[in-house]
1. Positive end of the dipole of the chain, charges at C-beta (+1 Lys, Arg; -1 Asp, Glu), about the Cα centre: which of Y152, A164, A85 has its Cα farthest in that direction?
2. Given the convex hull of the Cα atoms of the chain, what is a quarter of its surface area in nm²?
3. Pairs on different chains or at least eight residues apart, Cα atoms closer than 22 Å: how many lysine pairs in the chain fit?
4. Are there GluC sites (Glu not before Pro) in the range 53-161 that DSSP marks as loop and that have at most 14 other Cβ atoms within 10 Å, and which are they?
5. Which of I159, I194 comes first, and how do the rest follow, when ranked by fewest Cβ neighbours within 10 Å?
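Quick note: the coordinates plus some simple rules give every number you see, no bench work behind them. Predicted model, so just to flag it, every value in this text is computed and none were measured. Please note: Cβ atoms are built from the backbone with ideal geometry, for glycine as well, and neighbour counts cover all protein chains shown.
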Amino acid sequence: MIVAVDGPAASGKGTIARALAARYMLPHLDTGLLYRAVGLSVLRAGGDPADAAQALAACDFSDAALHDPQLKSEAAGKTASMVSAHPEVRAALLQRQRDFAARRGGAVLDGRDIGTVIAPDADAKLFVTASAEVRAQRRFDELTRMGLAVHYDAVLGDIRSRDARDSGRSAAPLRMADDAVLLDTTALDVEAAIAAACRLVERAVHKAANDGDA
Ligand code: DC
């Protein structure tokens with residue numbers, strides 16, 4: 001079974017994807033980490049993330065690079081959003097993600113274009129979202145817990161500009177696949193969001209099995 005989980009920054013898609021992977025005993029790939037690894041590498045080299053050639057040169061990294069704790073930083077996230085707009089970068093990372101999705105037994109992948117580009121034939125596709133204000137509050141709480149001094153308005157501004165960049169780019173923009181189901185987590189806590197995601201996956205798999213019988 002292949003499960004595609006897409007959605008904007010801080011929507012809860014990562015938490016939901018990890019929970020689905022644990023529940024169905026499937027390997028999980030957070031595809032945002034790939035773009036973060038490219039962005040971080042460009043940053044560390046003192047390069048320019050807006051330069052497609054420099055970003056492309058950073059795409060050849062090992063799986064070990066995906067465990068770097070710095071990948072989780074806000075700077076890596078912002079740079080990831082910039083390098084991910086280059087079609088060359090998306091093309092360079094495509095096969096790695098498709099290979100993961102094609103693993104025997106299936107996989108769960110989360111990102112922005114899993115249901116539309118990476119795994120268009122996924123058995124279940126979720127599009128996880130929440131209001132920008134609620135996503136900013138969650139990110140603010142997370143950063144504050146980490147001991148960082150941040151302002152809510154600045155976090156909300158970052159979320160809005162990331163949304164605009166991820167949705168507005170021409171290469172594989174963030175968009176809900178026509179056959180995806182929407183999961184709005186604005187009013188849900190983590191447990192309720194995970195429970196809803198499991199119900200939606202089971203419904204999608206059932207429907208696919210019934211359609212197959214028809
Ligand atoms: O999910 P995330 O916040 O870790 O992703 C970081 C950035 O990477 C995001 O702003 C856009 C980009 N990204 C993408 O373009 N396609 C994906 N499948 C995953 C992430």
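1. Most positive-ward Cα: Y152.
2. Spelled out: convex hull of the Cα atoms, projected over all directions, averaged, 12.0 nm².
3. Going through the chain pair by pair, I get 4.
4. Within the range 53-161, no GluC sites (Glu not before Pro) qualify (loop, at most 14 other Cβ atoms within 10 Å).
5. In increasing order of surrounding Cβ atoms, one gets I194, I159.
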